[in-house]
Amino acid sequence: MRHRVTTVGTISLALLASTLLYARENIVRNGSLELGPGPGGLDPRRALDWTFFGGSTVERSDEANHTPDGAWALKVFGGETTVGAYQDVPVAPGDNVTISALLYTRSNDRIGGDAQAKIKLEFLDAGGQPIGTGTEITVLDGSSPPNVWTPGSIGPLPAPSGAATARMVCVWTWVNQSLGSAYWDDCTLTVNGGPNLLSNPNYELPGYNENTPFGIDEWIGFGGQWKSQDVAYHGASSVRVQTGGETGAAYSGLYQDMGVLEAGDHLFMRCWVYNPSVGGLTANSAAAIKLEFFPASGGELPPPEEALDFDENAPLDTWTLVSYTTTVPPEITLARIVMIAFDEIDTNGPVYVDLARAERGSAPGVNQLLNASFEQGTSGPNGLTHWTEFRGLGCSARKNAFEVPAYDGFSVLKISGSCVAGVYQEIEVQPGEQLTISAYFYSDSDNPFNDPQSRAGVKVEWRAGNVPPQVDIGGQPFNTIYAGAPTDTWLPLYIDYTMPPGSAATARYTVIVARGEAESAQVYFDAAEAVVLNLFDGADVDGDVDQDLLDFYHMQRCFSGTGVPALEWNSITFDADDDDEVDWADFQYLAPRFTGPN
């Protein structure tokens, strides 16, 4: 094993030149998005032998699973008012047919609004035409408990005269408002009490691609994303990412887990984005690269938990308490306490917050939050002492005085704007102890917070003590573009990040589009790189922990010469002196460090 070189501190590869030399290892795979199974290849988002309908908000997902030794379930969310998947089984008139499934909704993406997750049994004739309207039941809705697999079944029902096929349908419906998502697993369809006749009833087998017709190796997609040859920064392919429109998704993109980084590791990420003049970013939509972290030992952090109980039905001109109690999950040592509001329309009024509180079971009666009444700090951006503001474009979460009477002291937190915004503060916690978070919320009758789709309340996000916070949309100066960015040209996005002391985590590279208030938003991403500057003593372009002839090949491809800035894809690995050139000085660094394979 090679020794780890001490970190060298923060640099900006895009803007600064340096006389120092740094070892570099690229840790993202298929960053040029050229590799994929091709037409007819398997797509992990599809399920073998199931027919999806209603748009791209139905997918095979590994976010929830009930099947022992399995990893997948069917996920449905948003989209058209009727969305889902079905499978047909031959039957004869008079056969008794029974269907069943287990359904699930997560606490951090809980089904809501008037959305309903159902199963349905239909009968069809030999020509594929429905006989009657079918029989359906609602298994989950906004009142259903989260994080519990809930059973549903229909039958036995006799197949009617003329029936040739029985169809089991996993279906999501809504009329006015669709919130959250639901999952289906362990589906069955039996005839006359016999065995389960469904193929791939647990969604463990991938199907052939429909939403991603050419496939993208090494990356996992969400929302609407397609490999594309419309435009490309490097090679022949890029990825087209779309929210809204036919996808119905609020967020779309792809991600890749790159491996474990440790304290002091200096990571530089770059990707190119293309904002088309037709169908691109509008309103407050955005496109970005994100850096997310998860426990180094594997697995995901527990999902956030929230109580968004303040809405249009809350009394006006009255401070209303919103409170939530939970148990700290295993291995969690930090809790991020969040005051949050999300707004859907420009005409909706602000929401005010005061006297936030977080009480641990190990310290009863003690408020763990600092500046709990929002008295300290300024009213400017991110001005509240001990609190960190987050917001979308055109929104704010700031200190405010005199607009409404404070519940405690003289100042309050004011959250305004038509997007998600709020403030957070982190506290230490112990696994297994009880945690109660609360705050008082207020809506002013002169400008009420009364949009039926808007919510506000308290939220807790869990973190292991050595897992850093993510770099989100807008988290660094150059990692996000918004509507108004130049169109029909490739623009670079950057994240420059050094792992903080005591940290160790699995790093995730994400390209993402957020729709915001836009009807839809679409961009293209290409040429993704993620280079650790102090991990490897050499220039390792393919992350295999050696410097061999494949690395030399890429060096030749990237070589531009002195005075010719030409850092195309995968060239950051070789630019050892940070002058945006790959020239003779860089080759002199590379040449004596050849190791050969492994």
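Just so it is clear, none of the values below were taken in a lab; they were calculated from the coordinates. Everything numeric here is computed off the predicted structure, so don't read it as measured data. Counting neighbours? That spans all protein chains shown, and the Cβs are built from the backbone with ideal geometry, glycine included.
Across all Cα atoms of segment 45-208, the radius of gyration (one decimal) and Dmax (whole number) stand at 15.1, 46 Å. Based on alpha carbons, the Rg and Dmax found for segment 276-347 are 18.5, 49 Å.
Using alpha-carbon positions, what is the distance between the centroids of segment 209-285 and segment 77-108, in Å? Centre-to-centre (Cα) distance: 31 Å. Taking Cα centre as origin and charging only the Cβ of basic (Lys, Arg, +1) and acidic (Asp, Glu, -1) residues, the dipole magnitude of the chain rounds to 660 debye.
Going highest first, how would you order 360-371, 331-342 by mean Cβ packing within 10 Å?
Descending packing order for the listed peptides: 331-342, 360-371.
Of the residues Val460, Val467, the one with the fewest other Cβ atoms within 10 Å heads the list, and the complete ranking is Val467, Val460.
Here the Karplus curve 6.51 cos²θ - 1.76 cosθ + 1.60, taken at θ = phi - 60°, turns the phi angles of segment 187-201 into couplings of 6, 9, 9, 10, 10, 6, x, x, x, 5, 9, 6, 8, 6, x Hz, with x standing for Gly and Pro.
On full extension, the segment bounded by Ala71 and Asp114 gains 12.6 nm, given 0.36 nm per residue less the C-alpha separation.
Given 20 °C and 1.002 mPa s, how large is the Stokes-Einstein diffusion coefficient of segment 237-278 in µm²/s, with Rh as the Kirkwood radius over Cα pairs? In µm²/s, the coefficient is 155.
Using just the alpha carbons, could you tell me how many Å³ per residue the convex hull of the chain encloses? In the chain, the Cα convex hull volume per residue is 174 Å³. Counted residue by residue at 0.36 nm each, then reduced by the alpha carbon distance between them, the extension gain from Asp317 to Asn176 reaches 48.0 nm.
For segment 305-463, dividing the convex hull volume of the Cα atoms by the residue count gives 98 Å³ per residue. Around the amide H of Leu35, modelled in the peptide plane, lie the amide H atoms of Asp217, all under 5 Å away and 5 or more residues distant in sequence or on another chain. For segment 256-267, 3J(HN,Hα) computed residue by residue from phi via the Karplus equation (6.51, -1.76, 1.60; θ = phi - 60°) reads 9, 7, 9, x, 8, 10, 10, 3, x, 5, 10, 10 Hz, glycine and proline entered as x. Restricting attention to the chain, lysine pairs at least eight places apart or on different chains and with alpha-carbon atoms under 18 angstrom apart total 4.
Here's how it looks for Ser362: its modeled amide H is under 5 Å from those of Gln434, which are all 5 or more places away or on a different chain. So what is log10(I(q)/I(0)) for segment 343-433 at q = 0.15, 0.19 1/Å, when the Debye sum runs over its Cα atoms only? Cα-only, vacuum Debye calculation for segment 343-433: -0.61, -0.88. Protection proxy ranking for 307-320, 162-175, 395-408, 508-521, using the average of other Cβ atoms within 10 Å per residue and placing the highest first: 508-521, 162-175, 395-408, 307-320.
What shape does segment 194-334 take by its C-alpha gyration tensor, where a ≥ b ≥ c are the square roots of the eigenvalues and a/c under 1.5 counts as rounded, a/b above b/c as prolate, and the rest as oblate? Rounded is the answer for segment 194-334, as its axis ratio a/c remains below 1.5. About its Cα centre, the dipole of segment 189-311 is roughly 560 debye, where the only charges are +1 on Lys and Arg Cβ and -1 on Asp and Glu Cβ. With θ taken as phi - 60° and the Karplus curve 6.51 cos²θ - 1.76 cosθ + 1.60 applied, the whole-hertz 3J(HN,Hα) list for segment 99-104 is 10, 7, 6, 10, 10, 8 Hz, x standing for glycine and proline.
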